[in-house]
Amino acid sequence: MSPHAQITQLLEALCHGLYDRDEAIRLALLTALAGESIFLLGPPGVGKSLVARRLKHAFASGRAFEYLMSRFSTPDEIFGPVSIRKLRDEDRYERRIEGYLPGSDVIFLDEIWKAGPAIQNALLTVLNERVYRNGDQDVTVDVRAILTASNELPPDGESLSPLWDRFLIRYSMAGIRSGNAFLSMITDTRDVYADNIDPKLKLTNEQLDRWSAEIDQLEVPPEVLNVVQVLRHRVEEANEKGAMPDGPLQLYDRRWKKLVRLLRTSAFIHGRSAVNLMDCFLLPHALWSKPSQKKIIVEMVQDAVHKHGYSLATGVATLKVEIDELDAEIRAETEVIHTVTSEQPMLLDGEFHRIMQTESQFEGTRIRASDYQRLDEETGLVVSFVDEQGNLRHRVRASLGPVAHSIRVQSQGSQLELRVETHLVENQERIRRKPHQLLVEHWARRVERLFAEIDAQRTRLKEEAPKELGDTQAHLFVDAEMGRLVRANHERVVQSFERMHLQLEKAHFRMMRDVES
């Protein structure tokens with residue numbers, strides 16, 4: 001059975017009988033497969049311990065350790081009691097760890113922030129290095145999943161930042177939102193804590209070790225690295241400008257490195273050889289420190305994927321600059337711009353021309369530009385003349401006068417010649433010229449190279465699109481709606497290459513039109 005098929009069926013079994021808790025279960029399992037830990041934030045009674053107890057059924061060994069912390073919890077209760085026999089007979093300070101945290105596969109620590117300094121310090125190395133210092137020996141802790149929970153964030157000023165930073169995924173849980181799901185939950189009599197998982201679906205230690213080695217080999221393509229880089233820059237920029245809610249968001253290098261492994265794990269589970277942009281939507285779960293920051297982080301990730309995913313990876317902007325520069329260079333050498341100044345009727349209020357030096361008996365001072373354009377020298381047309389306020393003053397037959405920009409009208413039995421107010425207008429004319437043969441040869445080489453680059457990227461986008469975009473509809477850990485942003489970015493980049501190809505074709509035509517003639 002493939003990892004994707006096994007995890008898909010395993011998630012379905014783990015979520016069966018739960019209501020509105022699918023995302024928490026999925027993220028908890030993904031975090032465990034990545035070798036990281038998850039923190040669940042939420043009030044009492046929303047199912048934080050339920051998630052942990054269900055998750056332990058995913059592992060074949062099933063050695064679980066669960067503990068509710070308090071201010072009076074001691075290291076003995078977490079890491080095991082000191083062995084009196086070894087202390088007495090061998091003069092060695094060593095704990096009996098079997099059945100306690102260091103000897104377990106799945107760990108759940110509730111109310112984690114109530115742990116004392118001695119417990120916190122020991123947890124740091126367990127969480128980060130999977131090592132526990134037992135007496136004078138470093139014991140490798142074969143932990144597969146670490147879940148912690150609390151109904152509050154770590155209090156400020158209590159030196160809990162190092163411990164808080166160890167939790168890669170931070171997930172907020174609340175009550176059931178759906179009315180139907182709520183009614184189903186309160187009337188459901190099944191034992192949600194029972195282990196109903198098919199043994200064939202459970203994850204073994206050998207299997208997890210093999211998967212871990214394969215996960216490290218997965219490719220992280222340029223489009224994903226670009227999103228991570230853009231996101232890191234945006235967070236730093238928001239910190240500098242004071243735009244991050246509840247103060248600066250400190251994200252250290254270790255967190256970014258662990259995040260990339262989380263993305264690799266997601267790609268591996270989906271049977272891919274590389275991370276893709278859909279995996280990037282997991283990033284918001286690991287990048288907030290205060291709940292008020294989650295919204296802006298989600299927006300940053302979505303914007304980075306939507307605008308910069310394939311765009312940066314394919315070098316659209318750089319290629320566009322080079323094509324623009326070549327296009328401008330070809331224009332400069334093959335066309336001479338000649339500026340011509342001409343006298344043109346002045347347009348008033350977007351629709352009128354003004355009449356200058358009207359006779360005293362002719363009160364109209366404006367004619368519509370559309371009427372003026374219809375006039376010729378021979379055919380007299382009936383047109384309207386208005387005053388400065390737009391009131392109709394005359395409706396008479398008129399034609400173009402013998403002098404440029406003049407109008408001949410028949411008014412009260414006499415013929416009048418009226419002048420239209422004008423101004424000077426500059427127009428640019430392009431005069432073609434033949435470029436030097438050496439320049440043409442130089443341009444031809446550049447055009448050939450640019451066509452090759454464009455075609456290569458178009459081919460890549462076309463060939464990879466079915467696989468890349470198909471995954472947007474069936475991601476195990478990301479809402480399918482996010483696929484809309486990935487597809488929009490992909491389509492925009494494809495269109496950009498089409499436009500650049502057309503621009504390059506036009507530049508090539510200008511380059512060759514006088515050479516071939």
Taking segment 56-97 and keeping residues of a type in the set (Gly, Ala, Ser) and more than 30 Å from Ile7 (Cα to Cα) leaves Ser70, Ser73, Gly80, Ser83
Could you check segment 43-92 and list, in sequence order, the residues that are assigned to a helix (DSSP H, G or I) and modelled with pLDDT under 90?
Ile84, Arg85, Lys86, Leu87, Arg88, Asp89
Determine whether Gln229 is over 26 Å from Leu50 (Cα atoms), outside any helix (DSSP H, G or I) and among the polar types (S, T, N, Q).
no
Taking Phe385 and the conditions (1) under 30 Å from Arg446 (Cβ atoms); (2) buried (at least 18 other Cβ atoms within 10 Å of the Cβ), which numbered condition does it fall short on, given that it satisfies the others?
(1)
Suppose the filter is basic (Lys, Arg) and either closer than 26 Å to Phe497 by Cβ or surrounded by 18 or more Cβ atoms within 10 Å (Cβ to Cβ) (or both); does Arg331 pass it?
yes
Okay, strands (runs of 3 or more DSSP E) sitting entirely in segment 275-384 with 1 or more residues that are modelled with pLDDT under 90, I get 335-345, 352-356
Counted residues, segment 394-412 - those being in contact (Cβ under 8 Å) with a residue 40 or more places away in the chain, surrounded by 12 or more Cβ atoms within 10 Å (Cβ to Cβ) and touching a Ser or Thr at 6+ places or on another chain (Cβ under 9 Å):
3
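What helices (runs of 4 or more DSSP H) completely inside segment 111-211 contain at least 3 residues that are farther than 25 Å from Lys258 by Cα and outside the structural domain of Ser292 (by TED's automatic domain parsing)?
179-187
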Scan segment 4-20 and give yes if some residue there is closer than 23 Å to Thr265 by Cα, in a loop (DSSP other than H, G, I, E, B), at pLDDT below 95 and out of contact with any Asp or Glu (no Cβ under 6 Å at 6 or more places or on another chain), otherwise no.
no
Condition met for Glu98 (assigned to a helix (DSSP H, G or I) and surrounded by fewer than 18 Cβ atoms within 10 Å (Cβ to Cβ))
no
Scan Gln389, Gln415 and give me the residue that is without any contact (Cβ under 8 Å) to a residue 12 or more places away in the chain and part of a loop (DSSP other than H, G, I, E, B).
Gln389
Name the single residue that is surrounded by the fewest Cβ atoms within 10 Å (Cβ to Cβ) among those in segment 153-177 being more than 15 Å from Leu287 (Cα to Cα) and in contact (Cβ under 8 Å) with a residue 60 or more places away in the chain.
Arg177
Leu438 is checked against (1) surrounded by fewer than 11 Cβ atoms within 10 Å (Cβ to Cβ); (2) within 30 Å of Ile330 (Cβ to Cβ); (3) not assigned by TED's automatic domain parsing to the domain that holds Ala328 and fails just one. What number does that condition carry?
(3)
Return a yes/no flag: does segment 431-449 have any residue that is modelled with pLDDT under 85, of a type in the set (Lys, Arg) and part of a strand (DSSP E or B).
yes
Here are some residues: Ser370, Ser399, Ser406, Ser411. Which one is outside the structural domain of Glu322 (by TED's automatic domain parsing), small (Gly, Ala, Ser) and in contact with a His (Cβ under 7 Å, 6 or more places away or on another chain)?
Ser411
Among the numbered conditions (1) in contact with a strand residue (DSSP E or B) (Cβ under 6 Å, 6 or more places away or on another chain); (2) without any contact (Cβ under 8 Å) to a residue 60 or more places away in the chain; (3) surrounded by fewer than 17 Cβ atoms within 10 Å (Cβ to Cβ), tell me where Asn180 comes up short.
(1)
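The values are calculated or read from the model by the stated rules, or taken from the named source; none is laboratory data. Bear in mind the structure is a predicted one, so any value in this text is a computation, not a measurement. Cβ coordinates were reconstructed from backbone atoms using ideal geometry, including for glycine residues, and neighbour counts include every protein chain displayed.
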